[in-house]
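Presented below is the structure to which this report refers.
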Amino acid sequence: MDSFELNKIIAAILMVALLVIGLGKIADGVFHVKKPKTPGYQIKVENQSTSSTSQVAKKVKKIDITAVMALGDITSGEKIFKKCAACHSINKGGKNKIGPALYNVVGRAVGGVDDYKYSKTLASYGKEWTFDELNGFLTKPSSYLKGTKMSYAGLRKEKDRASVIKYLNQNSDSPKLLP
């Protein structure tokens with residue numbers, strides 16, 4: 001390669017760099033933006049007592065489980081449970097899959113299957129799977145118990161949740177009385 005060609009390549013690179021810098025300076029001169037005196041945004045904070053009260057009101061929102069359970073039926077619960085069967089077994093003596101076996105789940109302690117490794121959230125929850133708990137959990141597991149390993153999106157329709165809960169209740173040694 002000739003030294004003259006090398007000089008042309010270096011000159012072209014320098015011209016591009018100077019052009020980019022020069023255009024930036026020209027653009028700053030043409031489009032001048034005034035900087036604010038105090039940077040950032042001012043955020044108005046509401047009274048803390050009202051915001052915490054509204055959060056408590058959201059948590060306290062109770063659902064009439066009797067009315068919800070009246071919507072479901074076991075036959076459609078069995079059909080809907082097929083989505084769950086990929087991760088859970090429902091048979092007596094069924095093995096744990098990705099999720100724990102769900103035979104006898106209604107009335108069992110949350111995190112109560114001995115040979116299954118639950119998330120810390122479920123293992124330390126300290127409640128039983130009642131109709132209310134199952135209804136809340138099946139709505140959206142990740143929102144109901146933050147930190148659960150269950151990545152299922154949930155069942156939005158009350159009728160579907162009630163049907164699955166009735167089906168789960170039926171698959172037990174001693175089904176619980178429906179509310």
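Nothing in this text is a laboratory measurement; each read-out follows from the coordinates by a stated rule. Not measured: the values here are computed from a predicted model. In this analysis, Cβ positions are derived from the backbone assuming ideal geometry, glycine residues included, and neighbour counts consider all displayed protein chains.
The table that follows gives values for the structure above.
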{"read-out": "Sequence-distant residues sharing a close amide H with residue 128 (under 5 Å, placed H)", "value": "110"}
{"read-out": "Karplus 3J(HN,Hα) series, Hz, for region 66-73 with 6.51 cos²θ - 1.76 cosθ + 1.60 (x for Gly, Pro)", "value": "5, 5, 5, 5, 5, 6, x, 9"}
{"read-out": "Segment residue 7-residue 64, extension gain: residue separation times 0.36 nm, minus the distance between their alpha carbons", "value": "12.2 nm"}
{"read-out": "Cβ-based exposure ranking for 106, 30, in which fewest neighbours within 10 Å come first", "value": "30, 106"}
{"read-out": "Degrees, to the nearest 10: 3-30 long Cα axis against longest axis of the chain", "value": "70 degrees"}
{"read-out": "Estimated dipole of the chain in Debye, rounded to 20 [Cβ of Lys and Arg +1, of Asp and Glu -1, Cα centre]", "value": "380 debye"}
{"read-out": "Furthest towards positive pole of dipole, 66, 96, 76, structure part region 65-170, Cβ charges", "value": "96"}
{"read-out": "Mean residue ellipticity (222 nm) of the chain, computed from DSSP H runs ≥ 4 via -39,500 (n - 2.57), nearest 500", "value": "-14000 deg cm²/dmol"}
{"read-out": "HN-Hα J in Hz across region 138-146 - Karplus 6.51, -1.76, 1.60, θ = phi - 60°, x for Gly and Pro", "value": "6, 4, 6, x, 5, 8, 5, 10, 5"}
{"read-out": "Greater than 31 Å apart at Cα, pairs in 79/140; 44/149; 97/127", "value": "44/149"}
{"read-out": "Counted charge near residue 175, where neighbours are those whose Cβ lies closer than 14 Å (Asp, Glu -1; Lys, Arg +1)", "value": "+3"}
{"read-out": "Net charge contributed by nearby residues that have their C-beta within less than 13 Å of residue 154 (K/R +1, D/E -1)", "value": "+3"}
